[in-house]
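Input: a single structure, listed below in structure tokens.
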Amino acid sequence: MASKIEFVEYVCEQLSGAGEITYKKMFGEYGLYCDGKPIGVVCDDQLFIKKTAAGAAILPGCPEAPPYEGAKPSFLIESLDDRELMARFIRATYEE
């Protein structure tokens, strides 16, 4: 199932405190970028962010799952409500 563009745009808006958040359509899903650097993907209307030690320190216990069959596990972000927390998390992921 392909992700809805409305969800992708919502994700970008919620993460915008981390920098310039952009997306690129890829194989029916979307790659996410922070200031031009790949940080994750949106698949099946779910947000997956690359695993980093810095990200794990900010979101300890964050669930992990592969975004698609055969992919390495990523952080599965279940809530985007706390924009400030998400900005710190994305920025730390970007910097690592």
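The values are calculated or read from the model by the stated rules, or taken from the named source; none is laboratory data. Since the structure is predicted, the reported quantities are computational estimates derived from the model, not experimental observations. Cβ sites come from the backbone with ideal geometry, for glycine too, and all protein chains shown count toward neighbours. The accessibility values were calculated without ligands, DNA or RNA, using every heavy atom of the protein model including side chains. Shrake-Rupley method; radii C 1.70, N 1.55, O 1.52, S 1.80 Å.
With every protein chain in place and a 1.4 angstrom probe, the accessible-area ranking of I58, I49, largest first, reads I58, I49. Cα-based radius of gyration for the range 1-93, normalised by 2.2 N^0.38 Å, reads 0.97. In a Gaussian network model over the chain where Cα atoms closer than 10 Å are linked, find which of F48, F75, F27 has the largest mean-square fluctuation. Among F48, F75, F27, the largest mean-square fluctuation in the Gaussian network model of the chain belongs to F27. Could you please state how large a percent of the accessible area of the chain is carbon and sulfur, counting protein chains only and using a 1.4 Å probe? Carbon and sulfur atoms account for 53 percent of the accessible area of the chain. Calculated [222 nm] ellipticity per residue, helices only, for the chain: -9000 deg cm²/dmol; basis is -39500 (n - 2.57) per DSSP H run with n ≥ 4, divided by all residues, nearest 500.
Once C-alpha pairs closer than 8 Å and six or more residues apart are averaged by separation and normalised to the residue number of the range 1-66, the relative contact order reads 25 percent.
Taking the charge dipole of the chain about its Cα centre, with +1 at Lys and Arg Cβ atoms and -1 at Asp and Glu Cβ atoms, the residue from Q46, P63, S74 reaching farthest to the positive side is S74. What the chain shows is 57 Å² of accessible area per residue, with the surface traced by a 1.4 Å probe over protein heavy atoms. Between A65 and D35, the FRET efficiency estimated from the beta carbon spacing at R0 = 30 angstrom works out to 0.70.
What the phi angles of the range 84-94 give under the Karplus curve with 6.51, -1.76 and 1.60, with θ = phi - 60°, is a coupling list of 5, 4, 5, 5, 5, 4, 5, 5, 5, 5, 4 Hz, glycine and proline written as x.
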